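Structure record follows, encoded as structure tokens.
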Amino acid sequence: MSGGRKALIIANDVYENPSLGRLRSPVQDARALARALGDPGIGGFEVRVVHNEPAYQMAGHIEDFFLDAVPGGLLVLHLSCHGVKSESGELFFAARNTRPDRLGSTAVPADFVQRCMRGSRSRSIVLFLDCLPT
């Protein structure tokens, strides 16, 4: 680990459910951001890129990312995917296996991400949401 500067970049551009259309730029954006953040002269972050994984794996990466943080560290989480709202107005981040009619079990709830952030020992957290609403 490179001390406390860590970035997790999650990019989903392909979805099994046809109602969630393919996105054009998440992978290219994720690679460019990873290069910039990982460059010692620019960001100096330890970077992990996650691409087109199912919801349970996305959630696991997010939870591990925040729980493994060190006090005083700087964390950057970037989510590039569809943002889907439930009928009750809750926001979910779409994964490869997301079914809009089963968001609770096939997508990552925004409140889960928020709970992970609150539970982290790091108090310096940057969250970038690049989510196309559906």
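None of the figures in this text is laboratory data; all of them are computed from the coordinates on show. Nothing here was measured: the structure is a model prediction, and the numbers come from that model. All Cβ positions, even for glycine, are placed from backbone atoms using ideal geometry, and neighbour counts span all protein chains on display.
Quote the FRET efficiency, to the nearest 0.05, computed for residue 56 versus residue 123 with a Förster distance R0 of 30 Å and r equal to the Cβ-Cβ distance.
On the way: r = 28 Å, r/R0 = 0.93.
It comes out at approximately 0.60.
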Task: Difference of contour (0.36 nm per residue) and Cα-Cα distance, residue 102 to residue 114 - done: 2.3 nm
TODO: Please list the radius of gyration and Dmax for the chain, considering alpha-carbon atoms only, with Å as the unit.
DONE: 14.5, 45
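Provide the net charge surrounding residue 28, with neighbours chosen by a C-beta distance below 15 Å and charges set as Lys +1, Arg +1, Asp -1, Glu -1. Walk me through the numbers before you get to the answer.
Numbers: positive: 22, 24, 31, 35; negative: 13, 29, 130.
Result for the neighbourhood of residue 28: +1.
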Task: Burial order of peptide ranges 52-62, 38-48 (average beta-carbon count within 10 Å, highest first) - done: 52-62, 38-48
